[in-house]
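S.K.: Dropping the structure in here first, questions after.
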Amino acid sequence: MLKSIEVTQNLLDYIYNYTHPLHPVQKDILKHNKTLGDIQRMQISEVQGHFLQLIIKINNVKNCLEIGTFTGFSTLTMALALPNGGKITTLDHDEKIVHVARSFFKKGKLDNKIETVISPALETLKKLSQEGKKFDLIFIDADKDNYKNYYELCLNLINKKSSSLIDLVEKKPLIIV
């Protein structure tokens, strides 16, 4: 099984030539993040964003959970790929940074598809599980020390009908870390 892909300039050229251009608000987020110094590394790349959109579209995902909002690039990127009536719930503990993300969601007129929850993710995941919530796709992109804990809690939150592009052989749920 393929474990990694070398991202060459040829591959990047192919991706940029055959994907949709970024939404103006995605560009605004990227521009904003460049002013943040080293912390901008917390943002996913454009290529990763295109990959998330592909996963959402080919799996007919309607309901996403994201752990780690940052300034909202991945959230907005996934929301753009969701069908009408689709929803993404994004979790982050930092009220200040979520405020920034919410301003971008509103500017992009996607705030109706996005629910932000400001709370420690482990607590929120337990609460969502107790409420019986289910998601078609879960994207984990938060503090690395808790990835294993997030993943384990997410197993109860994933819609069992979801399939995985990550490991089709083992039929693992569509949780992306």
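S.K.: What is the percent carbon and sulfur in the accessible area of the range 66-150, measuring with a 1.4 Å probe over the protein chains and ignoring ligands?
M.R.: Working: 2020 of 4160 Å².
Ligands and nucleic acids excluded, carbon and sulfur give 49 percent.
S.K.: Near the amide H of ILE114, under 5 Å away, which other amide H atoms are found, from residues 5 or more places off or on another chain, if H is placed in the peptide plane?
M.R.: Amide H neighbours of ILE114, under 5 Å, 5+ apart: ILE88.
S.K.: For the ranges 139-145, 82-88, what's the packing order if you count other beta-carbon atoms within 10 Å of each residue, average per peptide, and put the highest first? Please report the intermediate quantities before stating the final value.
M.R.: On the way: 139-145: 17.6, 82-88: 15.6.
The packing order, highest mean first, is 139-145, 82-88.
S.K.: Can you give the accessible area per residue of the range 63-166, in Å², using a 1.4 Å probe? The partial results should precede the final answer.
M.R.: On the way: 5170 Å² over 104 residues.
It amounts to 50 Å² per residue over the range 63-166.
The values are calculated or read from the model by the stated rules, or taken from the named source; none is laboratory data. In this text, all values refer to a predicted model and were calculated from it rather than measured experimentally. We place every Cβ from the backbone using ideal geometry, glycine too, and count neighbours over all the protein chains shown. Surface accessibility is based on the protein's heavy atoms, side chains included, excluding ligands, DNA and RNA. Shrake-Rupley method; radii C 1.70, N 1.55, O 1.52, S 1.80 Å.
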